[in-house]
Amino acid sequence: MLLRTLLPAVVFILLFVAIVSADELDSILEPISVTERVYYFKGSLDGRTYENQAFNNNLAFVLTNDGVVLIDSGPSRKVAERVEQAIGTVTDMPVRWVINSGSQDHRWLGNHYFAERGAEIIALARTAETQSRFAEQHLARLENVLRDRLAGTRAMPAPEPVEADRHAVELGDVRFELIFAGDAHFPGDVLVHIPDEGTVFAGDVVYLDRMLGLHPWSDIRGWLDSFAVLEALEPEHVIPGHGAAADLDKARAETGDYLQAILDGVIEGLDDWEQLNETVDRLADMPRFRHLVHYEEWHRMNVNRAYLDLESNP
Ligand SMILES: [Zn+2]
């Protein structure tokens, strides 16, 4: 009798547990096609968690006649394995090349896994340098979040990075260009241009749907220089580092215009001898960007950091 009354509750609880434990990566790992040959995985817009396995950024992959080009390799060995499996739902070809667009943990900590599987890692020297410089710190922070899920991950910057600011390379039958035009979210962030597909993988140079973040090591002017180069390429498709792929207008509205508004506002404050808190208060509300996820947590801090950056590097 007791069992019969409790049964619906038990079924409900079991169902709830099943839904909650459904792997958050499953939905992230559904490849989204941008063109016939270009796909991307849209990472979570949230911060890094055990559940999203720090897959809170976008990765892309491109089908060539001779293998797959992966752009950025994910935050861990385990995620890299899952990325490889997910690419396998689209093509039987192996990942033969990995391009790194940046140096933040989730852009490159899967390199070692793909290198072991025979892929060549391609990055500019300035990107690889930043990877080496931040590797220990990024791994330590990830360790706190991912715990057992970080097991087996090894930091491996590109072993033979390219000493140039622009690097054009043909992989299979597809042309790629790595373009450095200014330090942005991190020093050495690059755009990956795929001219024949009218597509740019913008990495951390473009954030859509969510608020971007300026860090103490970010460079707002370099970031805007990089954004200007993206505009000059006039891509049909922009795959941002975070958020859904879109066109250039949306990239301008949610990243380029935002950075410019902060830059102009902070310079105005510095010219008027405003104190840090006065500038932050004056720019505290920018209704145009209020719809971006994490606006509340990040916007004031971004103004704050831009002020400090521009004050010490006038
Ligand atoms: Zn990022």
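The values are calculated or read from the model by the stated rules, or taken from the named source; none is laboratory data. What you see is a predicted model; the values in this text were computed from it and never measured. A quick note on method: Cβ atoms are made from the backbone with ideal geometry, for glycine too, and the neighbour counts reach across all protein chains shown.
Quick test for you: out of Val90, Val68, pick the one residue that is crowded, with 18+ Cβ neighbours inside 10 Å, more than 20 Å from Asp165 (Cβ to Cβ), modelled with pLDDT of 95 or more and of a type in the set (A, V, I, L, M, F, W, C). Write out each step before concluding.
On the way: Val90 fails: crowded, with 18+ Cβ neighbours inside 10 Å.
It is Val68.
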Would you mind finding the one in Leu109, Leu208 that is over 26 Å from Thr35 (Cα atoms) and within 20 Å of the chain's Cα centre (by Cα)? Leu109
Consider the stretch 98-127. How many of its residues are in contact with a helix residue (DSSP H, G or I) (Cβ under 9 Å, 6 or more places away or on another chain), more than 16 Å from the ligand (Cβ to nearest atom), among the hydrophobic types (A, V, I, L, M, F, W, C) and not in a loop (DSSP other than H, G, I, E, B)? 3
Could you list all residues from the stretch 1-53 that are at pLDDT 95 or above, surrounded by fewer than 20 Cβ atoms within 10 Å (Cβ to Cβ) and not in a loop (DSSP other than H, G, I, E, B)? Ile32, Ser33
Filter the stretch 287-314 down to residues that are among the polar types (S, T, N, Q) and in contact with a helix residue (DSSP H, G or I) (Cβ under 9 Å, 6 or more places away or on another chain) and give me whichever is surrounded by the fewest Cβ atoms within 10 Å (Cβ to Cβ). Asn313
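Going by what's in this entry, would Ala60 be described as at pLDDT 95 or above, of a type in the set (A, V, I, L, M, F, W, C), surrounded by 15 or more Cβ atoms within 10 Å (Cβ to Cβ) and more than 16 Å from the ligand (Cβ to nearest atom)?
Numbers: at pLDDT 95 or above: yes; of a type in the set (A, V, I, L, M, F, W, C): yes; surrounded by 15 or more Cβ atoms within 10 Å (Cβ to Cβ): yes; more than 16 Å from the ligand (Cβ to nearest atom): no.
No, not satisfied.
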Gln137 fails exactly one of (1) within 16 Å of the ligand (Cβ to nearest atom); (2) crowded, with 17+ Cβ neighbours inside 10 Å, namely (2)
Hits in the stretch 175-205 (condition: outside any helix (DSSP H, G or I) and among the acidic types (Asp, Glu)): Glu177, Asp183, Asp189, Asp204
Any hit, the stretch 148-167, residues being in a helix (DSSP H, G or I), closer than 28 Å to Asn52 by Cα and out of contact with any Pro (no Cβ under 9 Å at 6 or more places or on another chain): yes
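Return yes when Asp247 is without any contact (Cβ under 8 Å) to a residue 24 or more places away in the chain and out of contact with any Pro (no Cβ under 6 Å at 6 or more places or on another chain) and no when it is not. Lay out the reasoning, then the answer.
On the way: without any contact (Cβ under 8 Å) to a residue 24 or more places away in the chain: yes; out of contact with any Pro (no Cβ under 6 Å at 6 or more places or on another chain): yes.
Judged against the criteria, Asp247 is a match.
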Among residues of the stretch 211-224 being over 14 Å from the mean Cα position of the chain (by Cα) and over 20 Å from Asn100 (Cβ atoms), the residue farthest from the ligand (Cβ to nearest atom) is Arg221
Looking at Asp257 and the list (1) of a type outside the set (A, V, I, L, M, F, W, C); (2) over 14 Å from the mean Cα position of the chain (by Cα); (3) more than 20 Å from Asp309 (Cβ to Cβ), which single condition is not satisfied? (3)
